[in-house]
Amino acid sequence: MNAFKAGILALVLIATFAYFGFTKANPFSDPYVLKAAVVDARNLQARSVVRMAGVDVGRVTKVEPVPGSAPAALVTMELKEDALPLRRDARLKVRPRIFLEGNYFVDLQPGSPSAPELEDGDTLPRSQTAASVSTYEVLAVLQSDVRQDLRTLLFELGTRGLIRGGGARGFNRAVPYFLPAYRRSALVNDALLGEDPTRDQHRLLRGQQRTLDALASNPATLGRLVTDLNITAGALAREDGALEASVPALRDTLRTALPALASLNEALPPLRAFAREAVPGVRSTTPTLNVAIPWIAQQRALMRESELKGLARALRGATPSLVKLNRSQVKFLRQARALASCTNSVLTPWSRSPIPSAEPGNTGQQVRLQTFRGFVGLAGESRNNDANTPYFHIQTVAPTKLAAANGGRLEPLAPPNPGVPPPHRPDVPCETQDPPNLDAPDAPGVLPSGAGP
């Protein structure tokens, strides 16, 4: 193979491994498919993560909008075996990922063990799905008109409801308005719990404790930090025009960076798995090098100029013969391949085919077993007179009463077969022909004189 072909082959292999490495596509897999109807798919996209108890168990493959029910959508997911089994009362929620991850993910709960299992391709109804509420959605509710209404509500509640409106009676009249407020507060609190409520809060408090301890242990550094923040804020205030112009560029940067961060995030799990698998190999590198260094020293001695000259001289004389031998073997290998294919496709099945016979003891015997019995007759073979005659004497058995009892027909008998055996086609490769047919039309034999039933 020349250098150009080797380079093309290397590029194809690198592109193939890069495609399967980044897309994680596996044409040989048969994943479990689950569909779910959600009220709001948010920013859920194909290849978004599906998690169960904080562990990745699948990917979103398709998000289809429901006609006439926007923003409702039908989400199709492919799950691993780790997520099974799923029950009929399984629940699903579309939740935001952390800041560095970006985008949204699907939080899947498998359901109770007593419920029936979901089959491959089943769909979770809308009543068993939900979408979390993000902080920006809560803040988006408090627009200028909403804030003005809230101010009016508080003023009226303080002046007329509690003071002029009878106090408790005014408060009772305001209770019905608490229901939507409590509902939205519950959604916000549930969203703030994170992916793992039992561990995320501990991690947050632990991280804050480490940060505050580091700041408290070095007051001088804390003072410099405050000073630097004051200088930074002053510089930003002086460059408010440039800052305002940079905001659209930041938006465009985020649009470009989010897909890149998502791709990087998807590449991290296989990288971590590769790192874990590579640890034993890295640990064994030092012993391997210790053993390989003496061998490398010996190989280096063999590659010295004094040694290579003699090796090159010997190879220079043997190389043309080797090339000629390789070229001459091409036709031989083609014939060998045809012979091997003919043996596997025609000769071997024919040698295992049964031979029909009228005698019960011989019926069904395979050709490969009956062939060696013919050597008994060849053992009695002899030439007539001298070595120059073309005739042979072979021991045979004359037709007996068994042949007469069979109506004058000799053994072995073939069952009647009106079909014609496959024709002999020397112009067709042996490997493509049908095995020989041992069935033949039945015909009477010739009885010797004086023989009878």
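Restricted to helices (runs of 4 or more DSSP H) entirely inside segment 128-204, those with at least 1 residues that are modelled with pLDDT under 70 and of a type outside the set (Phe, Trp, Tyr) are 135-141, 144-156, 168-174. Return a yes/no flag: does segment 227-234 have any residue that is closer than 30 Å to Tyr104 by Cα, in a helix (DSSP H, G or I) and over 41 Å from the mean Cα position of the chain (by Cα). No, segment 227-234 contains no residue that is closer than 30 Å to Tyr104 by Cα, in a helix (DSSP H, G or I) and over 41 Å from the mean Cα position of the chain (by Cα). From the list Asp252, Asp228, Asp213, which residue is within 22 Å of Asn103 (Cβ to Cβ) and of a type in the set (Asp, Glu)? None of the others qualify; the one that does is Asp252. Taken over segment 294-325, the criterion of being open to solvent by 100 Å² or more (accessible area, probe 1.4 Å), modelled with pLDDT of 80 or more and of a type in the set (A, V, I, L, M, F, W, C) is satisfied by Trp295 alone. For segment 6-23, a residue qualifies if it is at pLDDT below 80 and open to solvent by 90 Å² or more (accessible area, probe 1.4 Å), and the qualifying residues are Phe17, Tyr19, Phe22. Restricting attention to segment 37-70, the residues that are in contact with a strand residue (DSSP E or B) (Cβ under 7 Å, 6 or more places away or on another chain) and either modelled with pLDDT of 90 or more or part of a strand (DSSP E or B) (or both) add up to 16.
The values are calculated or read from the model by the stated rules, or taken from the named source; none is laboratory data. Here the structure is a predicted model, which is why all the values come from computation and not from measurement. Here the Cβ is made from the backbone with ideal geometry for all residues, glycine too, and neighbour counts use every protein chain on show. Calculation scope for accessible area: heavy atoms of the full protein, side chains included, ligands and nucleic acids excluded. Shrake-Rupley method; radii C 1.70, N 1.55, O 1.52, S 1.80 Å.
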